[in-house]
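Shown next, in structure tokens, is the structure this report addresses.
Just so it is clear, none of the values below were taken in a lab; they were calculated from the coordinates. Keep in mind it's a predicted model, so treat the numbers as computed, not measured. Heads up, the Cβs are rebuilt from the backbone with ideal geometry, glycines too, and the neighbour counts pull from every protein chain shown.
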Amino acid sequence: MVSNLHLGSLTVNPSVRLLLLTPTPPPEGEDEGPRSLRGLPYLAPSTRVDVAWCADAPSVYERREDVNRATPLIVERARWAEAQGYHAMVVGCMVDPGVAEASRAVRMPVIGLGAATRAIAGLLGQIPATFYPGRTPVLDLAEDGEETYRKMVEAGRRRIRAGGADVLVPECAYLGRLAPRLQEELGVPVLPNADIGLRAAETIAVFGLLRRAECVDRSLPRRLLASLYRLVSRTHHRMAQSLPRRRPQ
């Protein structure tokens, strides 16, 4: 273990542990993990990344009910990760399920791919936009990789032509692996969301940034938190229903 470095008044931890939580059931025949994730050249050699899953979580996140079901599982994983000595946790889904609730439960940073990627997109361009391969179900994205790529190229071109998008963000974590090819094809930055989430978590962890202890709410029972979450969700849904619908482009 490499000891902390002191740069003037700043303390830097050059050796951090990150947990990448995939909030879906593990691959068939495997357990929830964690297991070591290697071959990430954009991270420091001393950074250790483990990946884990949630066995009882939804396979996809298409409805508010899916997020509600997964949230307590993600909070539980965050508490476990902090107790195990991880310096940060990344929730590997662009919907950021359970991120806000987990952040209130632990001092360790909990990073959502959606928030991290949107932040970087805002730094890179004036008109960032998300894109997705048509109506392809999430569980079918890996069935035909080249067809998924072709549809992503079409979707990206529509975003660029119709809205003038100058930065593109894949709407699903799985699609981030196509970012280098898509960027070359489309001529605008295409963000590899999972990589950005891990790199953001590493940067925060290296500087030892934690939430203030008084900001961590350990007293509210899970049922109360779930009730508040459902109330906010219903309010947002009603507000969305009252707005005029935009025609799909």
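Structure summary
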read-out	value
Rough spin-label spacing in nm, given labels placed 7 Å along Cα→Cβ, for Ala100 and Asp31	3.5
Neighbour-count ranking [beta-carbon atoms within 10 angstrom, fewest first] of Trp80, Trp53	Trp80, Trp53
Sorted by Cβ density within 10 Å, fewest first, the residues Val60, Val206	Val60, Val206
Dipole-positive endmost among Ala179, Pro128, Ala155 within segment 126-188 (Cβ charges, Cα centre)	Pro128
Given charges at beta-carbon only (K, R positive; D, E negative), |dipole| of segment 48-115 in Debye	180
Dipole of segment 87-150, positive end: most advanced residue of Ala142, Ala102, Val90 [Cβ charges, Cα centre]	Ala102
Efficiency of FRET from Cβ geometry, Leu123 and Asp144, R₀ 35 Å, rounded to 0.05	0.55
Hypothetical label at Arg158: residues of segment 105-130 whose amide nitrogen lies under 18 Å (7 Å Cα-Cβ projection)	128-130
Spacing of the two label points (7 Å from each Cα toward its C-beta) at Arg107 and Arg38, in nm	3.3
Relative contact order computed over segment 126-188 (Cα-Cα under 8 Å; 6+ residues apart), in percent	46
Within segment 1-131, percent of DSSP bridges classed antiparallel, to nearest 5	30
Cα-centre dipole for segment 126-188 with unit charges at Cβ (Lys and Arg positive, Asp and Glu negative), debye to 20	260
